[in-house]
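Asks: Sharing a structure below in structure tokens format, with a few things to ask.
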Amino acid sequence: MTGYSAFEPAMRLALQEARRACRAQPGPDDVPIGAVILDGAGTVIARARNRREIDRDPTAHAEIVAIRQAARVLGRWRLIGLTLVVTLEPCTMCAGAVTAARLDRLVYGAEDPKAGAAGSLWDVVTDGRLNHRPEVIGGVLAAECGAVLREFFTARRRRDG
């Protein structure tokens, strides 16, 4: 399961999670980023969305929440054999978590030129000095993933005036 199109169904699930992030609670909406983690057979074992606002936790990015969930499900911190699918290129914290968790593969949708750490601004996940380097597949449903973010920020600017 390594082709770009093989990850489109999982990315659509991550997009569903992303859309739920900005409707999850009263109060400030979380930035709509969603993530899923797949086992080697392609079965979803974790689903998550950004929860920074609802949890009041700066580390509650969709990727971190999904990684924690997968570790609980499997009962181990080494997530060897798993794939993280996320709607936005991970930041440095999340890219570091991908590496620390020993995920086999990172699949992301939209690039993040302001904070991306999987090739855009930095390239944490494939840095040869680290002891683990996952396969990286970027750009899966990138236009759809980017549109969700653009719509969110456009609406926020209108609302906040």
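The values are calculated or read from the model by the stated rules, or taken from the named source; none is laboratory data. All of these numbers come straight from a predicted model, not from anything done at the bench. When we count neighbours, we look across all protein chains shown, and the Cβ atoms used for this are built from the backbone with ideal geometry, even at glycine. For the accessible areas, the whole protein counts, side chains as well, though only heavy atoms, and no ligand, DNA or RNA atoms are used. Shrake-Rupley method; radii C 1.70, N 1.55, O 1.52, S 1.80 Å.
Asks: Which one is modelled with the lowest pLDDT, of the residues in the stretch 43-54 that are farther than 11 Å from V85 by Cα and open to solvent by less than 70 Å² (accessible area, probe 1.4 Å)? Can you show your working first?
Replies: Going through the stretch 43-54, the residues farther than 11 Å from V85 by Cα turn out to be 43, 45, 49-54.
The next check asks that each one be open to solvent by less than 70 Å² (accessible area, probe 1.4 Å); those that pass are 45, 49-51, 54.
Details: I45: 98, R49: 96, N50: 95, R51: 94, I54: 90.
Checked the stretch 43-54; the qualifying residue modelled with the lowest pLDDT is I54.
Asks: Has the stretch 13-31 got at least one residue that is open to solvent by less than 10 Å² (accessible area, probe 1.4 Å), assigned to a loop (DSSP other than H, G, I, E, B) and touching a strand residue (DSSP E or B) at 6+ places or on another chain (Cβ under 6 Å)? Working first, answer last.
Replies: Restricting attention to the stretch 13-31, the residues satisfying the condition of being open to solvent by less than 10 Å² (accessible area, probe 1.4 Å) are 14-15, 17-18, 21, 30.
Going one step further and asking which of them are assigned to a loop (DSSP other than H, G, I, E, B), we end up with 30.
Narrowing further to those that are touching a strand residue (DSSP E or B) at 6+ places or on another chain (Cβ under 6 Å): none.
Scanning the stretch 13-31 turns up no residue that is open to solvent by less than 10 Å² (accessible area, probe 1.4 Å), assigned to a loop (DSSP other than H, G, I, E, B) and touching a strand residue (DSSP E or B) at 6+ places or on another chain (Cβ under 6 Å).
Asks: How many residues are modelled with pLDDT of 95 or more and among the polar types (S, T, N, Q) when one looks only at the stretch 96-142?
Replies: Residues that pass the stated criteria total 1.
Asks: Any idea which residue in the stretch 110-148 is farthest from M11 (Cα to Cα), counting only those that are in contact with a Pro (Cβ under 7 Å, 6 or more places away or on another chain) and open to solvent by 20 Å² or more (accessible area, probe 1.4 Å)?
Replies: The selected residue is L121.
Asks: Under 9 Å by Cβ, and 6 or more places apart or on different chains, what pairs join a residue from the stretch 100-115 that is more than 20 Å from I37 (Cβ to Cβ) with one that is open to solvent by less than 30 Å² (accessible area, probe 1.4 Å) and charged (D, E, K, R)?
Replies: Pairs found: E111/E89; P113/E89; A115/E89.
Asks: If you scan the stretch 32-60, which residues turn out to be closer than 20 Å to L141 by Cα, assigned to a loop (DSSP other than H, G, I, E, B) and in contact with a Lys or Arg (Cβ under 8 Å, 6 or more places away or on another chain)?
Replies: P32, I33 - these are the residues of the stretch 32-60 that are closer than 20 Å to L141 by Cα, assigned to a loop (DSSP other than H, G, I, E, B) and in contact with a Lys or Arg (Cβ under 8 Å, 6 or more places away or on another chain).
Asks: Return a yes/no flag: does the stretch 62-70 have any residue that is open to solvent by 20 Å² or more (accessible area, probe 1.4 Å), more than 23 Å from A147 (Cβ to Cβ), touching a residue at least 24 places away in the same chain (Cβ under 8 Å) and in a strand (DSSP E or B).
Replies: no
Asks: For L103, are the conditions met, namely being closer than 19 Å to L130 by Cβ, part of a loop (DSSP other than H, G, I, E, B) and not aromatic (F, W, Y)? Working first, answer last.
Replies: Details: closer than 19 Å to L130 by Cβ: yes; part of a loop (DSSP other than H, G, I, E, B): yes; not aromatic (F, W, Y): yes.
Considered against the rule, which asks whether it is closer than 19 Å to L130 by Cβ, part of a loop (DSSP other than H, G, I, E, B) and not aromatic (F, W, Y), L103 comes out as yes.
Asks: If you scan the stretch 71-104, which residues turn out to be open to solvent by 30 Å² or more (accessible area, probe 1.4 Å), touching a Leu at 6+ places or on another chain (Cβ under 8 Å) and of a type in the set (G, A, S)?
Replies: none
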